[in-house]
Amino acid sequence: LARGVREPDLAGRHVVVSAGGTREPLDPVRFLGNRSSGKQGYALARTAAARGARVTLVAANTHLPDPAGVDVVPVGTAVQMREAVLKAAADADAVVMAAAVADFRPSEYAAGKIKKKDGQEPEPLVLVRNPDILAEISADRARAGQVIVGFAAETDDVLANGRAKLARKGCDLLVVNEVGERKTFGSEENEAVVLGADGSETPVPYGPKEALAETVWDLVAERMS
Ligand code: CTP
Ligand code: CA
């Protein structure tokens, strides 16, 4: 094979990738959101398609062109993402949750724009928990042998936090990034360690998000039944 051309080792497989960041609306003009660009998820979708997979990309608030040959399902909120991921995961061989899912959403949605009132302090914002999609699909696998991958950005003891999160979520692989300058948000490059539920630890040096994506698919392919 020519350099850069991959064996179609994911041919006949259906993979689901989530990307971007959910937005949790407060009123018709405002939301709680995060800084995820969606680039890592799009790189995962592109590379899986190039390796022959049928790809469903559940994309939350990304502003990126649809990758060729990928089925893109746009969503806004965490609740919408849960619905789309569960539906696509029903017949999937692998699910990779690269999206930044908001942990909380406003308890109430104001149908009209929230207005200031003269001389009054604002009402406190009341939040409620969102569903944990990764934990849910890991605990209740749609099919035997389905491989499930999470992503986590951590600070402090990055590996210990990652190990604990992998166990808590019940997924097969967790891609752990250290949050810092030049890393993660909006950048073209990434550096990570991929932790396996089997105890494996695969470092991925600082480089393009495509390279991390290829490593993730290598590890997924090894684990697919
Ligand atoms: N995730 C999810 N549903 C949520 C929150 C997170 O599916 N409601 C997924 C993310 O897509 C990611 C993984 O879980 O793949 C880890 O996300 P992270 O925010 O690091 O995990 P949390 O359990 O929310 O932990 P923390 O309190 O550190 O934010
Ligand atoms: Ca979180």
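Remark on N130: its backbone amide H falls under 5 Å from those of F104, R105, a criterion applied only to residues 5 or more positions apart or on other chains, H modelled at 1.01 Å from N. Between segment 189-222 and segment 77-134, what is the separation of their alpha carbon centroids in Å? Centre-to-centre (Cα) distance: 28 Å.
In terms of the mean number of neighbouring beta-carbon atoms within 10 Å, the peptides 51-64, 210-223 order highest first as 51-64, 210-223.
You can think of it this way: the chain between E83 and L127 has 13.8 nm of extra reach, that is 0.36 nm per residue less the Cα-Cα gap. For I148, the shell of other residues with beta-carbons less than 9 Å away shows a net charge of +1, using +1 for Lys and Arg and -1 for Asp and Glu.
With K and R counted +1 and D and E -1, the other residues having a Cβ less than 15 Å from that of G112 yield a net charge of +2. Relative to the dominant Cα principal axis of the chain, helix 158-169 is inclined by about 80°. If you fit an axis through the alpha-carbon atoms of helix 78-89 and take the longest principal axis of the Cα set of the chain, what angle between them do you get, 0 to 90°, nearest 10? Around 30 degrees separate the two axes.
Ranked for footprinting exposure by Cβ neighbours inside 10 Å, fewest first, I133, I114 give I114, I133. Against the chain, whose longest principal axis is taken from its Cα atoms, helix 39-50 shows a tilt of about 30°. A cut-off under 13 angstrom between Cβ atoms defines the neighbours of G52, and their net charge, with Lys, Arg +1 and Asp, Glu -1, is +2. Using the Cβ-Cβ distance between S200 and D118 with R0 = 45 Å, the FRET efficiency computed as 1/(1 + (r/R0)^6) comes to roughly 0.15. Taking packing as the residue-averaged number of other Cβ atoms within 10 angstrom, the listed peptides 13-22, 97-106 run from highest to lowest as 13-22, 97-106.
Each value in this text was obtained by applying a stated rule to the coordinates, not by laboratory testing. This one's a predicted model, so the numbers in the text were calculated from it and none came from an experiment. Heads up, the Cβs are rebuilt from the backbone with ideal geometry, glycines too, and the neighbour counts pull from every protein chain shown.
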